[in-house]
1. Working only within the stretch 67-80, note down all residues that are open to solvent by less than 50 Å² (accessible area, probe 1.4 Å) and out of contact with any helix residue (DSSP H, G or I) (no Cβ under 6 Å at 6 or more places or on another chain).
2. I'd like the full set of residues that are in a loop (DSSP other than H, G, I, E, B), open to solvent by 40 Å² or more (accessible area, probe 1.4 Å) and of a type outside the set (Asp, Glu), limited to the stretch 45-60.
3. Among the residues of the stretch 17-44, count how many are modelled with pLDDT of 90 or more and open to solvent by less than 80 Å² (accessible area, probe 1.4 Å).
4. If you scan the stretch 86-103, which residues turn out to be open to solvent by less than 30 Å² (accessible area, probe 1.4 Å), under 15 Å from Thr132 (Cα atoms) and out of contact with any Asp or Glu (no Cβ under 6 Å at 6 or more places or on another chain)?
5. Quick check on Val106: is it open to solvent by less than 50 Å² (accessible area, probe 1.4 Å), more than 17 Å from the chain's Cα centre (by Cα) and β-branched (Val, Ile, Thr)?
6. Would it be correct to say that Glu117 is surrounded by 15 or more Cβ atoms within 10 Å (Cβ to Cβ), without any contact (Cβ under 8 Å) to a residue 40 or more places away in the chain and in contact with a Ser or Thr (Cβ under 7 Å, 6 or more places away or on another chain)?
7. Report the residue count in the stretch 120-135 for those that are assigned to a strand (DSSP E or B) and surrounded by 15 or more Cβ atoms within 10 Å (Cβ to Cβ).
Amino acid sequence: MKNQVLAAIVVALAFASCACTKPEKRVVEFTSMPQQAQTFINTHFADKQIAICYQDRELFDKDYEVIFMDGSNVDFTSSGVWTEVEDRDADGIPTAIIPAAILEYVNARHPGQYIVEISKDRQGYDVELNTTIELEFNKNGQLRRYDD
């Protein structure tokens with residue numbers, strides 16, 4: 001019994017020490033990023049100059065971030081799928097990457113406005129317009145709510 005308690009304490013301490021490790025953020029070459037991320041940047045941001053690329057390494061995860069000279073940025077998963085795009089230029093996010101239902105909703109309900117930031121996760125999309133209005137959509141592009 002005493003050995004089991006001791007083993008449980010050792011395991012708990014091991015997990016606690018792993019959870020406390022700092023994420024490692026390091027500069028990487030654009031060409032060392034996943035091919036899917038490279039293709040995304042070359043397709044949708046070919047006109048922008050890359051300032052720096054980072055790889056964020058955490059305990060069980062590795063993400064990438066590309067920052068452009070104008071301050072715009074794109075975050076990617078370890079496989080190269082985009083998770084967040086921010087582009088506050090005069091035209092905002094390239095419309096080709098915005099799901100059609102979300103783009104239609106914004107164009108219909110907020111004419112003259114455009115999306116400057118979009119992020120996605122398993123539940124759906126978070127969108128910010130150039131007027132700082134924030135909206136949440138489900139994964140099918142249906143409005144959940146306005147956020148503040």
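The values are calculated or read from the model by the stated rules, or taken from the named source; none is laboratory data. Nothing here was measured: the structure is a model prediction, and the numbers come from that model. Note that we place each Cβ from the backbone using ideal geometry, even for glycine, and neighbour counts take in every protein chain shown. We work out accessible area using only protein heavy atoms, side chains counted, and drop any ligands, DNA or RNA first. Shrake-Rupley method; radii C 1.70, N 1.55, O 1.52, S 1.80 Å.
1. Filtering the stretch 67-80 down to residues open to solvent by less than 50 Å² (accessible area, probe 1.4 Å) leaves 67-68, 71-77, 80.
The answer is Ile67, Phe68, Gly71, Ser72, Asn73, Val74, Asp75, Thr77.
2. Ala46, Gln49, Leu59, Phe60
3. Here the count works out to 11.
4. Asp87, Gly92
5. So Val106 fits the description; yes.
6. no
7. 8
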